[in-house]
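Down below is the structure, laid out as structure tokens.
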Amino acid sequence: MGCPVKKVLLIQQDMGRRDKEYPLFPLGLAYIAAVLQGREVKIFDPNLYNLEESEEGLKKEITGFQPDIVGISLRNIDTTMMRDPFVHYRTLAPTVRLIKSMSPGIKIIVGGTAFSLYAREIMGRIKDIDFGIYLEGEETIVELLENMDAPEKVKGLFFRKKGEVHFTGERPQPDFAVLPPPKRDADIIDIGQYINDRQTAIGVQSKRGCELSCSYCTYVFLNKDRMRLRIPAQVVDEIEEMVTKHKVRGFIFVDNVFNIPEDHAREICKELIRRKIPVEWTAWLTPRGLTDEFLLLMREAGCRRVRFSPDAATDRGLAVLSKGCSVFDIENSLSLLSQMKDMFVGYNFFCAWPGMKWSDAFNTLKFLLKVSVVFSGRDNVSLNWIRVEPHTGIYNKAIQERLINIETNMLPENDSELLPLFYAPSRLSGKTRMFDCVISSMEKGGLLWRGLLWFFKLFDKR
């Protein structure tokens with residue numbers, strides 16, 4: 001039997017740059033900290049430091065805390081943005097090497113959503129990772145710390161034996177309703193460092209799972225399609241504590257889709273209203289079945305920003321992407337929210353998807369212009385290309401169309417390796433150039449975008 005694990009240092013992934021990224025409260029690690037009862041736990045976030053100072057900060061944390069185990073959360077492989085290609089994963093190997101150089105005997109565990117997507121590949125590339133937690137880790141890590149000498153007993157775990165990587169097999173997803181709320185205590189991590197004007201820096205999770213099956217999305221693979229809901233009153237308990245104890249002014253619901261199921265979202269809103277909690281928040285919604293009454297309830301509960309990701313602006317495109325909504329739903333969401341002058345609204349769209357025609361591209365552009373006119377000054381429209389990910393329908397489609405093959409490296413080490421992993425078929429190059437010009441002008445407030453807006457307003461008035 002080895003020595004019992006008493007001290008655990010949890011490390012948030014270093015995003016590798018500071019100019020375009022801002023620190024996000026490490027919610028996943030806070031959930032892990034909550035289940036490690038009876039152990040001393042600290043969370044270190046290198047993103048709170050300047051890039052040049054983060055390594056020294058980690059060294060000081062390890063030297064001062066002297067952990068028995070280090071856990072690293074790998075949240076993102078890359079930006080998933082073709083116009084801003086950057087690989088965040090590149091920081092993992094240097095972080096692991098630094099820890100091992102300081103304390104060769106320390107055991108390193110890696111988990112998180114990005115790790116789970118490429119678990120075997122990452123274990124194969126970075127030999128100094130001792131254990132890998134597959135999918136949700138709250139139950140796995142507790143069992144692992146009790147079985148460090150017999151990891152084969154722990155389901156949902158990658159481990160090494162005689163130089164080979166072994167996987168113990170999947171385990172059932174934990175019952176989210178019975179997990180303890182995430183730890184935000186000052187002795188673990190100072191949440192005050194994340195309090196700012198950005199509502200999206202601090203997250204609250206009311207459910208796991210997603211019943212939608214969008215063809216490009218990894219959520220169903222990562223969280224499965226069975227919805228696991230927290231009790232609404234307990235969700236609001238967490239929010240109330242953040243506001244009263246930690247002085248949080250705003251947060252984002254990090255649920256994949258807040259209004260599925262809608263009755264659960266309603267109960268949370270009603271409880272926020274009943275307690276009169278002074279906080280503003282953001283949520284991602286599906287436009288499907290959206291009503292004025294539900295939006296008014298959200299607004300009364302403190303919601304000031306909503307985002308949609310319809311991704312296509314035609315019914316054909318929505319069907320191809322398996323979005324589970326219609327153009328009518330999207331137009332209805334725009335109409336309803338246009339009446340709410342204190343709400344900020346965002347829509348995400350893709351520049352290319354399988355079978356996209358010029359008419360689809362022009363409809364997408366038309367809707368972008370419409371959003372910018374209707375929500376002038378309180379809008380955020382986003383155009384991007386699909387990042388092809390494993391375990392998705394688009395991955396299979398890209399192989400079928402010979403954009404990639406089963407030997408294609410889907411885990412890029414650098415930005416140049418990332419660029420070929422977007423769904424941008426050469427036959428769509430004309431549309432790609434058009435959207436590229438529009439996005440560039442939109443970002444800069446350029447003449448092209450201003451001219452398109454002027455033309456749309458003129459046409460719209462007629």
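Some points to look at:
- Yes/no for L212 being over 20 Å from G137 (Cα atoms) and hydrophobic (A, V, I, L, M, F, W, C): yes
- Subset tally (residues that are part of a loop (DSSP other than H, G, I, E, B), modelled with pLDDT of 95 or more and acidic (D, E)) for region 25-82: 3
- Residues in region 284-301 that are among the hydrophobic types (A, V, I, L, M, F, W, C), surrounded by fewer than 20 Cβ atoms within 10 Å (Cβ to Cβ) and not in a helix (DSSP H, G or I): 1 in all.
- Members of region 428-446 that are of a type in the set (S, T, Y) and crowded, with 16+ Cβ neighbours inside 10 Å: T432, S441
- Every condition in (1) under 27 Å from M82 (Cβ atoms); (2) part of a helix (DSSP H, G or I); (3) open to solvent by 30 Å² or more (accessible area, probe 1.4 Å); (4) touching a residue at least 40 places away in the same chain (Cβ under 8 Å) holds for F362 except the one numbered (4).
- For region 191-204, filtering for residues that are open to solvent by 30 Å² or more (accessible area, probe 1.4 Å) and either modelled with pLDDT of 95 or more or touching a helix residue (DSSP H, G or I) at 6+ places or on another chain (Cβ under 9 Å) (or both) leaves 3.
- When region 136-181 is filtered for residues that are touching a Phe, Trp or Tyr at 6+ places or on another chain (Cβ under 7 Å), in a loop (DSSP other than H, G, I, E, B) and open to solvent by less than 10 Å² (accessible area, probe 1.4 Å), only G156 remains.
- Region 185-227, residues that are of a type in the set (V, I, T) and in contact with a strand residue (DSSP E or B) (Cβ under 9 Å, 6 or more places away or on another chain): I188, I189, I195, T200, I202, V204
- Taking each residue of region 138-159 that is closer than 20 Å to Y31 by Cα and looking for partners that are β-branched (V, I, T) and at pLDDT below 95 with beta-carbon atoms closer than 6 Å, six or more apart or interchain, yields L145/V5.
- Candidate set from region 28-42 (those that are touching a residue at least 12 places away in the same chain (Cβ under 8 Å) and open to solvent by 20 Å² or more (accessible area, probe 1.4 Å)); member that is nearest to the chain's Cα centre (by Cα): G28
- Contact annotation: residue pairs with Cβ atoms under 6 Å, 6 or more positions apart or on different chains, pairing a residue in region 74-85 that is under 13 Å from E389 (Cα atoms) with a partner that is part of a strand (DSSP E or B), are D78/V87; T80/R387; M81/N384.
- Selection status of P278, open to solvent by 20 Å² or more (accessible area, probe 1.4 Å) and closer than 21 Å to Q173 by Cβ: no
- Among the residues of region 245-273, those that are in a helix (DSSP H, G or I), open to solvent by 30 Å² or more (accessible area, probe 1.4 Å) and more than 27 Å from D197 (Cβ to Cβ) comprise E262, D263, R266, E267, K270.
- Candidates S333, S309, filtered to the one that is outside any helix (DSSP H, G or I), within 21 Å of C217 (Cβ to Cβ) and among the polar types (S, T, N, Q): S309
- Each residue in region 315-359 was checked for being open to solvent by 50 Å² or more (accessible area, probe 1.4 Å), more than 25 Å from the chain's Cα centre (by Cα) and farther than 30 Å from E280 by Cα, and 5 of them qualify.
- Selection within region 222-244 - open to solvent by 30 Å² or more (accessible area, probe 1.4 Å) and among the β-branched types (V, I, T): I231, T244
- For Y395, the conditions (1) more than 30 Å from I122 (Cβ to Cβ); (2) free of Cβ contacts under 8 Å to residues at least 24 places away in the same chain; (3) of a type in the set (S, T, Y) are fulfilled apart from (1).
- Every listed requirement among (1) more than 28 Å from S326 (Cβ to Cβ); (2) in a loop (DSSP other than H, G, I, E, B) is met by S215 save one, (1).
- K127 of a type outside the set (S, T, Y), farther than 25 Å from P180 by Cα and open to solvent by 20 Å² or more (accessible area, probe 1.4 Å): yes
- Region 378-427, subset open to solvent by less than 70 Å² (accessible area, probe 1.4 Å) and among the small types (G, A, S), residue nearest to M82 (Cα to Cα): A424
The values are calculated or read from the model by the stated rules, or taken from the named source; none is laboratory data. Just so we're clear, the structure is a prediction, and the values are computed from it rather than from any experiment. Note that each Cβ is placed from the backbone with ideal geometry, even for glycine, and that neighbours are counted across all protein chains shown. Side chains are part of the model used for accessible areas, which takes the heavy atoms of the whole protein and leaves out ligands, DNA and RNA. Shrake-Rupley method; radii C 1.70, N 1.55, O 1.52, S 1.80 Å.
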